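Report on one structure; see the data block that follows.
Only the coordinates and a few stated rules stand behind these numbers; no lab work does. All values derive from a computational prediction rather than experimental measurement. Every residue, glycine as well, gets a Cβ built from its backbone with ideal geometry; the counts of neighbours run over all protein chains shown.
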Amino acid sequence: GAGVSQTPSNKVTEKGKYVELRCDPISGHTALYWYRQSLGQGPEFLIYFQGTGAADDSGLPNDRFFAVRPEGSVSTLKIQRTERGDSAVYLCASSFGSGRGETQYFGPGTRLLVL
Amino acid sequence: GDSVTQMEGPVTLSEEAFLTINCTYTATGYPSLFWYVQYPGEGLQLLLKATKADDKGSNKGFEATYRKETTSFHLEKGSVQVSDSAVYFCALSAPGGYNKLIFGAGTRLAVHP
């Protein structure tokens, strides 16, 4: 079946602009996660949704970052007033639930470059 | 806080060599442990996992054993292939933490014929 998809695959923007990154999870998966991966590093947790609500947004670096999942499926990560330091690969993952050891399935990522 | 430390790469091996990639963790309680792999040009994929002490995860010839006494989850494979060339990430999810993953920095493996 279809995996997790993310659009766009690449995004180039200028410092100060607003961007939206989209994630389509696997159908039926209630848990959705966003991570950010900088070059040469492992992914870092940003935010977790269970259904429509953000259950844990402790990883969002500041108030320029915001994410929504209004119907409990597709999620959008929004970044305001982008900075060069926001350049990274943004990964989305979904899982059927959030039980112990539940496998997360990752999308291919959106590579964001802020000039 | 919770963290994962894995050996720095790159690791360069000849085909059919034995592979070990070390991973140790710091966490409260009993986390679940994972190895994810990222092949060139592809997304992260789960390779194997273990959810309790002394469990062994295995897949595609790779193995890792959850060692509570040494807080380790080392990845091993008896005979690597060129197709195993990838970046390997060790990760944990802490109990009660909504299963969010904490990753190590990754170890790049290059296997030569």
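Rounded, prolate or oblate: pick one for chain B, where a ≥ b ≥ c are the square roots of the eigenvalues of its C-alpha gyration tensor, a/c under 1.5 means rounded, and failing that, prolate if a/b is larger than b/c, else oblate. Let's see the in-between values first.
Numbers: a/c = 2.04, a/b = 1.72, b/c = 1.19.
Prolate shape, in that a/c is at least 1.5 and a/b is the bigger ratio.
Over the residues of the protein assembly as shown, compute the C-alpha Rg and express it relative to 2.2 N^0.38 Å. Mind showing how you got there, number by number?
Values: Rg = 17.6 Å, N = 228, 2.2 N^0.38 = 17.3 Å.
Expressed relative to 2.2 N^0.38 Å, the Cα Rg reads 1.02.
Under the classification rounded if a/c is under 1.5, otherwise prolate if a/b is larger than b/c and oblate if not, where does the range B:8-47 fall, given a ≥ b ≥ c as square roots of the Cα gyration tensor eigenvalues?
Details: a/c = 2.60, a/b = 1.50, b/c = 1.73.
Because a/c hits 1.5 or more and a/b fails to exceed b/c, the range B:8-47 counts as oblate.
Under a crude label model (7 Å from the Cα following the beta-carbon direction), how far is B:Gln45 from A:Arg100 in nanometres?
2.9
Once Lys and Arg get +1 and Asp and Glu get -1 on their Cβ, which of A:Leu60, A:Ser27, A:Tyr48 lies farthest toward the positive end of the dipole of chain A?
A:Leu60
Quick one: if the Förster radius is 45 Å, what FRET efficiency do A:Leu113 and B:Ser79 give, using the C-beta to C-beta distance and rounding to 0.05?
0.70
Given springs between every Cα pair under 10 Å in a Gaussian network model of chain B, which of B:Phe89, B:Phe18, B:Phe62 has the largest fluctuation?
Of the options given, B:Phe18 has the highest mean-square fluctuation.
May I ask you to list the GluC sites (Glu not before Pro) in the range B:1-58 that are in a DSSP loop and have at most 12 other Cβ atoms within 10 Å of their Cβ? List each step's numbers first, then the result.
Numbers: sites: B:Glu8, B:Glu15, B:Glu16, B:Glu42; in loops: B:Glu8, B:Glu15, B:Glu16, B:Glu42.
Of the GluC sites (Glu not before Pro), the ones in loops of the range B:1-58 whose Cβ has at most 12 other Cβ atoms within 10 Å are B:Glu8, B:Glu16, B:Glu42.
Grab the beta carbon distance between B:Asn22 and A:Asn10, set R0 = 35 Å, and tell me the FRET efficiency rounded to 0.05.
Numbers: r = 34 Å, r/R0 = 0.97.
Efficiency for this residue pair is about 0.55.
Order of A:Asp56, B:Asp54, A:Asp63 from fewest to most other C-beta atoms within 10 Å? If you can, show how the numbers build up before the last one.
Numbers: A:Asp56 17, B:Asp54 10, A:Asp63 7.
Ranking A:Asp56, B:Asp54, A:Asp63 by Cβ neighbours within 10 Å, fewest first, gives A:Asp63, B:Asp54, A:Asp56.
Hey, if you put +1 on the Cβ of every Lys and Arg and -1 on every Asp and Glu Cβ in chain B, which of B:Pro10, B:Leu48, B:Gln81 ends up farthest toward the positive end of that dipole?
Comparing the listed Cα positions along the dipole, B:Leu48 ranks first.
Any chance you could run the full-extension gain for A:Thr52 through A:Phe66? It's 0.36 nm times the residue separation minus the Cα-Cα distance, nm to one decimal.
Details: separation 14, 0.36 × 14 = 5.04 nm, distance 1.38 nm.
That works out to 3.7 nm of additional length.
Hey, in the GNM for chain A with a 10 angstrom Cα cutoff, which one of A:Glu71, A:Glu20, A:Glu44 fluctuates hardest?
Most flexible of the set in this elastic network: A:Glu71.
Considering all alpha-carbon pairs of chain A, what whole percent are spaced by more than 16 angstrom? Please report the intermediate quantities before stating the final value.
Working: 3674 of 6555 pairs.
In whole percent, the share of Cα-Cα pairs in chain A beyond 16 Å is 56.
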